[in-house]
Amino acid sequence: MTQEQTMVPFLHPYQANFIRHQLLQLIGAFYFAGDHRVLAASREGVEDTILSTFPGATPEQRALLQDAKNVRDKDELKVYMSRLEPHVIPFPEITAPEIRKLFPKVKKLVLPDLQSIDRSKLTYLGWRDIATSSLYLVYRNGDKWAGKEFKFVPGPKNRTMICTWCHTTGSGDDVALVTSRVKTKVVDGYKTLGNHLCLDSAVCNSRITSTTEMEAMLASLR
Ligand SMILES: [Zn+2]
C-alpha cells in the first residue's frame, strides 16, 4: 500500500464536491487564460482556498490537497477525484428501524432503498413518497440522528428556483417549494415554514459544497 492509501479518511462528501467545484473553475481558467502569470495566480488561489478548508490536515493530507492545483482538464480531474475517494468519510450507516424511529407519526412510512445508496456520496439522506407528496430528510446532528418531513409542491416548468442547500437552479420537479410544520411557543401552536430544495436528493448531494445553509435551516425547524 502506498502512503496515500493508508491515510485515515478526512474529507466529507460535500468537501469533495467543494474541491471538484474549485477545480472546474480552474479548468475554466486554463481555457481562457492567455497569460501564464494569470494561470499561476489561479492555481495558487485554488490551492489556498482548498488548504484553508482543512486547517487540521496532516502533511500527507496537505500534499494530496496541494496536488489539486496541477489538474488541467476534465480527464485529470476525474483521476484526481478518484484519488480522493479513499479519503472520503462516508455518511454513517443507518437501519430501517432507526429511520422509522425518526418519524413516529408517519403511518406507512415509505423507506429509501438502503442497499443501493452510495454513502460515500451523501451529506444527508433524502427520499420522496410521491403518493403523499412527502420529502423525508435524515441527517446526523452531532452524535444523534435527526429526521425531518416536508410536503412538496412541484413548481411550474417555466419558472426556475434555487435550492437553498446546493444553490442549483431548477424548475418543476427539480427544485420545489417544500413546507414543514414547526411548533410555536404557543401551546399546541404550529406554523408552516417554506423553503426551496431539490426533490432529487441524490442530485442535491452531488452538488452540495457546504452544510452551513442546511444546518441553519434544520436548526430553525427544530
Ligand atoms: Zn439541492
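Just so it is clear, none of the values below were taken in a lab; they were calculated from the coordinates. Keep in mind the model is a prediction, meaning the values are calculated, not measured. A quick note on method: Cβ atoms are made from the backbone with ideal geometry, for glycine too, and the neighbour counts reach across all protein chains shown.
What you get for region 1-160, charging only the Cβ of Lys and Arg (+1) and of Asp and Glu (-1), is a dipole of about 1020 debye around the Cα centre. Based on alpha-carbon atoms, the Kirkwood radius and the radius of gyration of the chain give Rg/Rh equal to 1.03.
Work out, step by step, the length gained on full extension between H167 and D143: first 0.36 nm times the residue separation, then minus their alpha carbon distance; give nm to one decimal.
Stretched out fully, the H167 to D143 stretch lengthens by 5.9 nm.
Please list, by residue number, everything in region 97-141 whose backbone N is under 15 Å from a paramagnetic label point 7 Å out along Cα→Cβ of D200. Correct set: 126-128. Label separation (A96 vs A216): 3.8 nm, computed from points 7 Å beyond Cα along the C-beta direction.
Here the spin labels are modelled as points 7 Å beyond Cα on the Cα-Cβ line, and at V106 and A41 they lie 5.0 nm apart. Here T160 and D48 are evaluated by their C-beta separation; at R0 = 45 Å the FRET efficiency comes out at 0.85. Just how far, in whole angstrom, is region 137-151 from region 31-107 if you go by their alpha carbon centroids? Spelled out, the Cα-based centre of one part sits 24 Å from the other. Would you compute the Debye intensity of region 4-74 from its alpha-carbon atoms alone, equal scatterers and no solvent, and pass along log10 I(q)/I(0) at q = 0.17, 0.19 Å⁻¹ to two decimals? Here log10 of I(q) over I(0) equals -0.62, -0.75. Secondary-structure-derived ellipticity at 222 nm for the chain, considering helices only, amounts to -11000 deg cm²/dmol, per-run term -39500 (n - 2.57) for DSSP H runs with n ≥ 4. Looking only at I27, I208, I130, which one moves most when the chain is put into a Gaussian network model with springs between Cα atoms under 10 Å? Checking each option, the largest mean-square fluctuation is seen for I130. Springs between Cα atoms under 10 Å define the GNM used for the chain, and in it the highest mean-square fluctuation of W165, W145, W127 occurs at W145. In percent, rounded to a whole number, the relative contact order of the chain is 19, using alpha-carbon pairs under 8 Å and six or more apart. Cross-link partners of K78 among aspartates and glutamates, defined as those whose alpha carbon lies under 16 angstrom from its own and excluding same-chain residues fewer than eight positions apart: D67. Computed from Cα atoms, the angle from the helix 13-32 axis to the main principal axis of the chain rounds to 50 degrees.
Can you tell me which of D143, D173, D67 moves the most in a GNM of the chain? Springs connect C-alpha atoms under 10 Å apart. Sorting by GNM fluctuation, first place goes to D143.
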